[in-house]
Structure formats: structure tokens, C-alpha cells
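In what follows, a single structure is set out as C-alpha cells and then discussed.
Every read-out reported here was derived from the displayed coordinates using simple, explicitly stated rules and does not represent laboratory data. From a predicted model like this one, the values you see are computed outputs, not experimental measurements. Virtual Cβ from ideal backbone geometry, glycine too; neighbours counted across all protein chains shown.
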């Protein structure tokens, strides 16, 4: 009796239809090749404000953390002594000019007397030399006055660049010296800003080889870069890759890439950590396999299951390249037109027959008419509701007999 019931259950299992497996038809397409990078924000310009003359700071004329323009006066250094030096230099120039007038007139008279043989040639030459010396004294006095004016101008410490100024290192009343090591303040230009991100030199060589071989085309408008802030928010402004450093870091084997970003809202601050995605080009006519359909065998090889002839499962060993979103670029192992198994992996084995159904990912396009798939699973074909139900359990002993045992 038990053997008969077991036979009935085996017969029922053998009569079950092949399992349903969702598939995606492989086809060639173009794919943007992007790199995920981690970088830091740096200002486009940075300048340390230092005094060029010595003295006492009388006034600080800016608000810390504010925007300043190139040439704005930031500090006023006591200038009384520099004004006195300027006045002395002006007086020395006036005296030299007066001396020059007298010396030049004397030289002109001696030239006339020498032509009339009234004065000797020696006296004439001495008068001319005195006039020339007086002219040199005038030039020297002018230079001294220029230096005094420059030093007086340096008592007003001005902004060398436009940007946002930070904290003042010194206050009013502090003594500063020319060329001191401590900067009074630091100004940083924050619009635009740079983002510096390291990338492995081997990746850049791979990109260049792909472009030279024609497998990838670089964008004519330049490499576009998008940012994600440290809190996970995307940055609204799109940047452009400006240059690649010419030196490889011998410790890490990386090269620094620099991208430029507009920063009108001053959201990006120096030394801020950001994540960047740089689109280096477009790979032409490649096969993309969803990552969910690709696994690794014990030897580390990428493998996938394909629905082949006769709707039977065929294993494939793949050679995959770079990841593009949620897909792998398949270099070998899959061809256009192959039906890649996308689900039902627990119910299938190589060589098994299956019932292929188009795979509909969650949020994908609507299914064909007459098919009602479950989002994220294969679209089941129309059929009886009990087609995939397990066989009913056997009846308990004595079920179906009359109550009196007849």
C-alpha cells in the first residue's frame, strides 16, 4: 500500500512541467565608461596675507569669513614714521633739483667761455661734471622718494586676490614685521573650486589603449564629472576634468586628476571630502550582462547560465571587463541573441529543460498583452492556477471507509 502511494507521488512529480526561468536577450549597445573616484576640494586660488613693512596694527578693516575683493584694505599699520620718511625724501629731491639748476647753468657758462678762450678746458670740464653729478643726485633722490612712497603704501595691507578671507591671526595693537613667518590671514577663491582625486595609473593606461584601439570614444566636450557630497546629496553643478598630473605617486601607484566646478553658493569648501563619477568616454557595441545573472565558480571565473537550443540550460564561462552601473561588460562568453537566465537559479541545473519567460525587472516596462508578471520576477505564461502547485498529501489510513468498517 505504501509503495503504491510512493509510486503515485513519484508519478505526480514526474508529470510536473519544467520550471519557469526568466531570461534577457543579449544585444550590443553603447555604454558610458565612468570611474568612481574619491577626492578633496581645493580652492582655485589661495594667498597668505603678510605685512611688507614693520609696525603696529592700528585697525582691522574686514569681517572674518567674508568675501573680499582684490585691492581691498585689510589692515592699517601705523604710518607716522613712514610719512616722515616720505617728507624727508621729498625735501632731498627738491634740494637735488635746485643744485642741478645751478650746476647746469655754471656748466653752460663755462662752455661759452671755453669757446672764447676765456676759461680753460679743465675748468669747463669740471663744471660739466658737477652738473652731471647734480643730475645723478636728482635721480637718486627720486628713487628714495619712490621707496618712501612704496613703504607708506605698504602700511595699508591689501588683499592680493579676491575670495573668502578666514580668521585673523593678529588683532589691533599687535606688532608685525616685514616678511614675518606668521600670516595675518588667508584668502581662498571658492568660485570656481578644484576637486583633486587619485586614480590608479593602470586604469588610465587601460582607457588610453581602448581609445587608441577604437573600442572607446572620448567625449569631444571634455570629460564630465559629477559629485556626491559627504552627506549623500548630489551636487547640482557638473564639472569638467581639467588635467591629469604628470607624476605617478611611487607609494600608491596613482595619478591625481583635477576637475573644476562652479561654486556660486559656496557649498564646496576647501578640504571637503566628496565622491566623484567621471565619464571618460563611450564603449561602442558591447554586450552588457546584468550582475545579478553572473556568479563566480570556485576558481574565480565569471559564469552564467544561458537558455540554449531546446530550452535547455547551458553553462558559460565569461570574460568580463568593467562594471557599468548594475551590468558587466562581457568581453567573451556571450553573443548577441543569447538568452541569459535571470532568475530561478535554485530550480535549474546545466542540461535541465526549462520554460523560458521574458524577465521583467522591478520598475521595468509593462509586460506584453495577456501576461501579468510579478515585479522583479519572470512573467508567468497563462495557465491553470494549479500548474505549479505541489501534489496533495496522501489520505490518512482508513479514510474513505464506512463507519461500520464494511
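Worth a mention:
- Paramagnetic reach from residue 291 (point 7 Å along Cα→Cβ, amide N under 16 Å) across the range 318-343: 320-330
- Shape analysis of the range 207-279 places it in the oblate category; the axes a ≥ b ≥ c from the Cα gyration tensor give an a/c of at least 1.5, with a/b not above b/c.
- Separation of the residue 132 and residue 28 label points, Cα + 7 Å toward Cβ, nm: 8.6
- Inter-probe distance in nm under a simple model that places probes 7 Å from Cα toward Cβ, at residue 238 and residue 221: 0.5
- Hull volume per residue, based on the alpha-carbon atoms of the range 13-143 and their convex hull, is 342 Å³.
- Extent along principal axes [Cα atoms of the range 135-207; Å; largest to smallest]: 70, 38, 23
- Full-extension gain in nm, residue 196 to residue 45, via 0.36 nm per residue minus C-alpha separation: 53.0 nm
- When only Cα pairs below 8 angstrom with a gap of at least 6 residues are kept, the range 208-351 shows a relative contact order of 19 percent.
- Divide the volume of the convex hull around the Cα atoms of the range 79-153 by the residue count and you get 55 Å³ per residue.
- Modelled spin labels at residue 121 and residue 231, positioned 7 Å past Cα toward Cβ, are 9.2 nm from each other.
- Normalised by the number of residues in the range 79-153, the mean separation of alpha-carbon contacts (under 8 Å, six or more apart) gives a relative contact order of 50 percent.
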